[in-house]
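Peer 1: One structure is given below, represented as structure tokens, and several questions about it will come after.
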Amino acid sequence: MIAHHVLFWLKADTTDDQKAAFRKGLEKLESIEVIKTFHIGVPAPIERAVVDTTYTFSLILFFEDLAAHDVYQVHPVHKAFLDEFRIYFEKVVIYDAE
């Protein structure tokens, strides 16, 4: 099992409409057949020194194996998301774990 956790920090001048469009773009990724588990989130209202709440969106995906992860990376839906929405990224951090 591969967990793929992506944290997105959108640019400060991103409008609410652009954030809504970004979220819809993330939702389209769920259609990629190799994804076993899919979750979109925003920072939870938890205030602890060890919790980072500075990101805008969190995307957590689980894949059966590394081969499925690799299919996702080059999938046309994933590539279309990046092509359309990377202009909104201020920062992206990805954690992959097995």
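The values are calculated or read from the model by the stated rules, or taken from the named source; none is laboratory data. Quick caveat: nothing in here was measured; it's all calculated off a predicted structure. Please note: Cβ atoms are built from the backbone with ideal geometry, for glycine as well, and neighbour counts cover all protein chains shown.
Peer 1: Pairs needed: first member in the stretch 24-45, without any contact (Cβ under 8 Å) to a residue 40 or more places away in the chain and closer than 20 Å to LEU10 by Cβ; second member anywhere, of a type in the set (S, T, N, Q) and surrounded by 12 or more Cβ atoms within 10 Å (Cβ to Cβ); C-beta distance under 6 Å; at least 6 residues apart or different chains.
Peer 2: GLY41/SER58
Peer 1: Suppose we keep only residues that are touching a residue at least 40 places away in the same chain (Cβ under 8 Å) and small (Gly, Ala, Ser) within the stretch 58-79. Which one would you say is surrounded by the fewest Cβ atoms within 10 Å (Cβ to Cβ)?
Peer 2: Across the stretch 58-79, the extreme among qualifying residues is SER58.
Peer 1: Separate question: Give the stretch 77-98 a look and list any residue that's touching a strand residue (DSSP E or B) at 6+ places or on another chain (Cβ under 7 Å) and over 13 Å from LEU59 (Cβ atoms), or say none.
Peer 2: Those that are touching a strand residue (DSSP E or B) at 6+ places or on another chain (Cβ under 7 Å) and over 13 Å from LEU59 (Cβ atoms): TYR88, GLU90, LYS91, ALA97, GLU98.
Peer 1: How many residues are among the β-branched types (Val, Ile, Thr), modelled with pLDDT of 95 or more and over 22 Å from ASP16 (Cβ atoms) when one looks only at the stretch 44-73?
Peer 2: Final tally of qualifying residues: 2.
Peer 1: Restricting to the stretch 31-47, what's the tally of residues that are surrounded by 14 or more Cβ atoms within 10 Å (Cβ to Cβ) and closer than 14 Å to GLN73 by Cα?
Peer 2: Matching residues across the stretch 31-47 total 3.
Peer 1: Something else now. Could you say whether any residue in the stretch 84-97 is farther than 13 Å from GLY25 by Cα, assigned to a loop (DSSP other than H, G, I, E, B) and among the charged types (D, E, K, R)?
Peer 2: no
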